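Everything on this sheet refers to the single structure shown next.
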Amino acid sequence: MIETIKLIPQWKLLMQAAQIAVESGWHLYLVGGVVRDLLLAETRSESLSITDIDLVVDGCSQVAEVGAGVKLAQALQQIHPEVHLDVHGMFQTAALVWPQDSAFGALGVDIATARTESYAYPAANPDVSASSIDRDLYRRDFTINALAWRLTPSPDPPLLDLFGGLQDLQARQLQVLHSNSFIDDPTRIFRGARFAVRLGFEFEPQTADYIRAAISSGIYVQTAQSHSRMPALQIRLKTELKYLFQVSYWQQTIELLDKINALQCIHPTLKLDRELLQQLRLIARCLARFDPQQSIEHWQLQLELMIAYLDPSYRSTVGQNLQLSPDSINRLEDLDRVQIDITSSLSNFQSISQVVKLLRQYDLETLILSAVRCRKILPIRRQIWQYLTVWSSIQPILNGKDLQKLGYKPGPQYRQMLDDLLIATLDRLVIDRSTAEEFIRRKFP
């Protein structure tokens, strides 16, 4: 891989970091996904775009001090003053972010001191302590992500492959590092599914058995009964679901998660049947069409749709577990009532203005969810789509200045006049400026 890694645009930066590490008496390693992807690019003769780099600092003969990663990041910032530095957590993981117009483009570099971790109970946050590079790699999720490339000089080969990651890359399989991995952190199941679909890999048979055993054991439910905080099934799971719905291959990923029963991590009753899959496909198309600039969070609305497929009595609890916003939770609680109101009202309306008056009281998210959930009631769905695409943007042909020119004194009556004019415009009683002026003079003599 040595020739491949030297060709990446960030090679000079990595050598600068390595030199700082040598001067401080540390070893420096390139770790995780970038090593995996460089090895894959080499075997597939593919070009690789690198936007995220993970580095680990390790002591040459003893455990590196906790703040070693931050010191290295600060030294890099002195060389590259355009970079933004953030320091996170007790063990001071440092994040360097280069701007889009830098020599490296929009690049993020995370630098950490080698560490190990343990879990007080399943799905908890890990307890972390400084350690060696070997222990640091052992805490990772899959063998293909536990590869490291030493950037500092050493007589040993630069590639660290302690767990057979290179062999698993060649076999195109995902193998977990230890049997309790998914019990410790169930979000690894969701990450694994994304990796499997993105890379075209499969779960190694024993790893698939570990997933099934962790889910079927009921350990997550049992732990929830004794611990209110389960970050791996709350905020960290929400983060994984966000990643899932933001990738183009979300459908294949969620189908794989359902196949291995992993959707039970969201709720024990959640299954991906044909109807839910059709709804998820439809909302993805709708969001791309009605909100291309992403003024709303697309991934969040897709997640809400999936939660809304549960029995109403479960939705609020699941939303709270995943730490969704109050607006999302309120929407989930009110969705059935709103949908009944919209469906029953639209079935009886005879005019466009009635439809607009009803639907404009709801936010965009609620209307999209309602339309998708009315997928099989075509007249209702079409009216909501028509409102979103056409009717909601129609404005009265005249404005306040036009009314003033017609001789009407400014005042509160302008609102009523323009509202009535909008209704007439929607219902095609007014079609141009002359018919608008005639309408106003007749209605408000």
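Before moving on, here are some points about what is shown:
- Residues of the stretch 305-326 classified as under 15 Å from the mean Cα position of the chain (by Cα) and farther than 14 Å from Leu244 by Cβ, total: 3
- Counting the residues of the stretch 1-43 that are part of a helix (DSSP H, G or I) and more than 31 Å from the chain's Cα centre (by Cα) gives 13.
- For the stretch 98-122, a tally of residues being surrounded by 13 or more Cβ atoms within 10 Å (Cβ to Cβ) and of a type in the set (S, T, N, Q) returns 3.
- In the stretch 204-218, residue surrounded by the most Cβ atoms within 10 Å (Cβ to Cβ) [restricted to those that are in contact with a helix residue (DSSP H, G or I) (Cβ under 6 Å, 6 or more places away or on another chain) and closer than 17 Å to Leu263 by Cβ]: Ala214
Condition check ((1) of a type outside the set (A, V, I, L, M); (2) at pLDDT below 90; (3) more than 30 Å from Lys238 (Cβ to Cβ); (4) touching a strand residue (DSSP E or B) at 6+ places or on another chain (Cβ under 7 Å)) across all residues:
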residue: Pro326; (1), (2), (3), (4): yes, no, no, no
residue: Ile340; (1), (2), (3), (4): no, no, no, no
residue: Gln354; (1), (2), (3), (4): yes, no, yes, no
residue: Ala371; (1), (2), (3), (4): no, no, no, no
residue: Arg382; (1), (2), (3), (4): yes, no, yes, no
residue: Trp385; (1), (2), (3), (4): yes, no, no, no
residue: Lys409; (1), (2), (3), (4): yes, yes, yes, no
residue: Met417; (1), (2), (3), (4): no, no, yes, no
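One line per residue, one yes/no per condition, for (1) out of contact with any helix residue (DSSP H, G or I) (no Cβ under 8 Å at 6 or more places or on another chain); (2) surrounded by 16 or more Cβ atoms within 10 Å (Cβ to Cβ); (3) of a type outside the set (A, V, I, L, M, F, W, C); (4) not assigned by TED's automatic domain parsing to the domain that holds Glu297:
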{"position": "Gln404", "(1), (2), (3), (4)": "yes, no, yes, yes"}
{"position": "Tyr408", "(1), (2), (3), (4)": "no, yes, yes, yes"}
{"position": "Gly411", "(1), (2), (3), (4)": "yes, no, yes, yes"}
{"position": "Leu418", "(1), (2), (3), (4)": "no, yes, no, yes"}
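- Test: residue in the stretch 220-229 that is among the aromatic types (Phe, Trp, Tyr) and at pLDDT below 95: yes
- Scanning the stretch 290-305 for residues that are farther than 16 Å from Thr366 by Cβ and touching a residue at least 12 places away in the same chain (Cβ under 8 Å) yields one hit, Trp299.
- In the stretch 168-186, residue farthest from Glu117 (Cα to Cα) [restricted to those that are buried (at least 21 other Cβ atoms within 10 Å of the Cβ) and polar (S, T, N, Q)]: Gln175
- Any pair with Cβ under 6 angstrom, 6 or more apart, that starts in the stretch 125-153 at a residue that is more than 18 Å from Ile53 (Cα to Cα) and ends at one that is part of a helix (DSSP H, G or I) and at pLDDT below 90: Asn125/Pro231
- Every pair of residues 6+ apart whose Cβ atoms lie under 8 Å, when the first sits in the stretch 1-29 and is assigned by TED's automatic domain parsing to the domain that holds Asp54 and surrounded by 13 or more Cβ atoms within 10 Å (Cβ to Cβ) while the second is polar (S, T, N, Q) and not in a helix (DSSP H, G or I): Ala18/Thr152; Ala21/Thr152; Val22/Thr152; Trp26/Thr152; His27/Thr152; His27/Ser154; Leu28/Thr152
- Contact annotation: residue pairs with Cβ atoms under 6 Å, 6 or more positions apart or on different chains, pairing a residue in the stretch 178-199 that is in contact (Cβ under 8 Å) with a residue 24 or more places away in the chain with a partner that is β-branched (Val, Ile, Thr) and assigned to a helix (DSSP H, G or I), are Phe182/Ile189; Phe182/Ile211; Ile183/Ile219; Ile189/Ile211; Ala193/Thr253; Arg194/Thr253; Val197/Thr253.
- Meets criteria (touching a residue at least 40 places away in the same chain (Cβ under 8 Å), in the same structural domain as Leu346 (by TED's automatic domain parsing), surrounded by 12 or more Cβ atoms within 10 Å (Cβ to Cβ) and part of a helix (DSSP H, G or I)) for Ile384: yes
- Test: Asp156 is within 26 Å of the chain's Cα centre (by Cα) and either assigned by TED's automatic domain parsing to the domain that holds Leu85 or without any contact (Cβ under 8 Å) to a residue 12 or more places away in the chain (or both): no
- Of Ser61, Ser47, all but one fail to be under 19 Å from Arg150 (Cβ atoms), of a type in the set (S, T, N, Q), exposed (fewer than 14 other Cβ atoms within 10 Å of the Cβ) and at pLDDT below 85; the exception is Ser61.
- When residues of the stretch 123-134 are limited to those that are within 19 Å of Asp58 (Cβ to Cβ) and crowded, with 17+ Cβ neighbours inside 10 Å, the one modelled with the lowest pLDDT: Ala130
- The stretch 270-299, subset at pLDDT below 95 and assigned to a loop (DSSP other than H, G, I, E, B), residue nearest to the chain's Cα centre (by Cα): Glu297
- Check on Lys238, over 24 Å from Ala120 (Cβ atoms), touching a residue at least 40 places away in the same chain (Cβ under 8 Å) and either part of a loop (DSSP other than H, G, I, E, B) or not acidic (Asp, Glu) (or both): no
The values are calculated or read from the model by the stated rules, or taken from the named source; none is laboratory data. Since the model is a prediction, treat every value here as computed from it, not as a measurement. Reconstructed Cβ throughout: ideal geometry from the backbone, glycine too, with neighbour counts over all protein chains shown.
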